[in-house]
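Engineer: I have a structure I would like to understand better, so I am pasting it below and will then ask my questions one at a time.
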Amino acid sequence: MELKLKRHEDIYIVEVHGEMDLHNASQLKNLYLKLIEKRIGRIIVDFQFCEYIDSTGVGTLLGMYSQAKEKKLSFFITSVKGTVLKVLTLTKLHEYLPLSPTIQEAILSIKSHPQNKES
């Protein structure tokens, strides 16, 4: 898995490339924690280039979303497709996680709500 960090104004976009599994899911978690430490309150995780996710990857996403809710951060997961979408659908997590079809739609959703900052 490779992670690429991009920025759109004050929104940080993390692109996940390749496969997210037991061996590398911690990379995404660690990057997310660094962003939170820097008080970045608007984060999008883009799965457009992710081909596979296992239970460890799913657990990582759940943990990230849980932290985002707790800290009142703006957080979206975008462009989920293929086997990743199948896993999230089979586990019914597509109904729980904040999914957006595209990065553009996630950006619009984030911008339409006042910025939530960590207390």
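Read the figures in this text as sums done on the coordinates, not as results from a lab. All of these numbers come straight from a predicted model, not from anything done at the bench. Neighbour counts are summed over all protein chains in view; Cβ atoms, including those assigned to glycine, are modelled from backbone coordinates with ideal geometry.
Engineer: Using R₀ = 22 Å, calculate the FRET efficiency as 1/(1 + (r/R₀)^6) where r is the Cβ-Cβ separation of residue 62 and residue 83; round to 0.05.
Structural biologist: After rounding, the FRET efficiency stands at 0.80.
Engineer: With a 10 Å cut-off between alpha carbons and a GNM built on the chain, which of 91, 56, 102 moves the most?
Structural biologist: Between 91, 56, 102, it is 91 that shows the largest mean-square fluctuation.
Engineer: Counting only DSSP beta bridges with both residues in the chain, tell me the antiparallel percent, nearest 5.
Structural biologist: Working: 7 of 22 bridges.
Given both bridge residues lie in the chain, the antiparallel proportion sits at roughly 30 percent.
Engineer: Can you divide the C-alpha Rg of the chain by 2.2 N^0.38 Å and report the result to two decimal places? Could you put the intermediate results ahead of the total?
Structural biologist: On the way: Rg = 13.1 Å, N = 119, 2.2 N^0.38 = 13.5 Å.
This ratio for the chain stands at 0.97.
Engineer: Full extension from residue 9 to residue 102: what is 0.36 nm times the residue separation minus their Cα-Cα distance, to one decimal in nm? Before the final figure, lay out the partial values.
Structural biologist: Details: separation 93, 0.36 × 93 = 33.48 nm, distance 1.70 nm.
Result: 31.8 nm gained on full extension.
Engineer: Would you work out which of 58, 12, 1 lies farthest towards the positive end of the dipole of the chain, given +1 charges on the beta-carbon of Lys and Arg and -1 on that of Asp and Glu, about the Cα centre?
Structural biologist: 12
Engineer: Now for a different question. Which order results if 49, 75 are arranged by neighbouring Cβ count within 10 Å, fewest first?
Structural biologist: Working: 49 13, 75 24.
Going from sparsest to densest Cβ surroundings: 49, 75.
Engineer: Starting with the highest mean, order 79-86, 3-10 by the number of other Cβ atoms within 10 Å, averaged over the residues of each peptide.
Structural biologist: Details: 79-86: 16.4, 3-10: 12.1.
The most tightly packed comes first, giving 79-86, 3-10.
Engineer: Please list, ordered by chain and number, the residues whose modelled amide H lies under 5 Å from the amide H of residue 45; skip anything fewer than 5 residues away on the same chain.
Structural biologist: 14, 76, 77, 78
Engineer: Can you give the calculated 222 nm mean residue ellipticity of the chain, where each DSSP H run of n ≥ 4 adds -39,500 (n - 2.57) and the sum is split over every residue, rounded to the nearest 500 deg cm²/dmol? Kindly include the intermediate steps, with their values, before the conclusion.
Structural biologist: On the way: 4 runs with 48 residues, N = 119.
Mean residue ellipticity at 222 nm (helix-derived): -12500 deg cm²/dmol.
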